[in-house]
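Please read the structure below before turning to the comments.
The values are calculated or read from the model by the stated rules, or taken from the named source; none is laboratory data. Model, not experiment: these values are computed from the prediction. SASA here: full protein model, heavy atoms, side chains in, ligands and nucleic acids out. Shrake-Rupley method; radii C 1.70, N 1.55, O 1.52, S 1.80 Å.
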Amino acid sequence: MFMLMSLEVMLNAAGLAFVVAGSRWQQADGQIAFLFILAMAAAEVSVGLALVLQLYHHFNTLDADALSEMRE
């Protein structure tokens, strides 16, 4: 989950860089790239939600401490 969250932060930073660069040169390319990045971020969020739902259905809890105890 931490990898997905850090990927989300990096995608937001890249999107901001594209918008700023497009604004600097008065081009719409940065905004178009940002829309693509938003679509990728939405797909990433759906993968994270699917992982959380699978954990809940398998262990009937979302408590990280209980999940680590079940592993041992």
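Using only C-alpha atoms and all pairs of different ones, pull out the Kirkwood radius for the chain in Å with one decimal.
On the way: mean 1/r = 0.0701 Å⁻¹.
It works out to 14.3 Å.
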From the backbone phi of the stretch 18-28, what are the Karplus-calculated ³J(HN,Hα) couplings (6.51 cos²θ - 1.76 cosθ + 1.60, θ = phi - 60°) in whole Hz, Gly and Pro given as x? 5, 5, 5, 5, x, 5, 5, 9, 6, 10, 8
Carbon/sulfur fraction of accessible area - the chain, other protein chains in place, 1.4 Å, %: 70
In square angstrom, what is the accessible area per residue of the chain with a 1.4 angstrom probe? 81
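Compare Phe2, Phe59, Phe36, Phe18 by solvent-accessible area with a 1.4 Å probe and give them largest first, with all protein chains kept in place.
Phe2, Phe36, Phe18, Phe59
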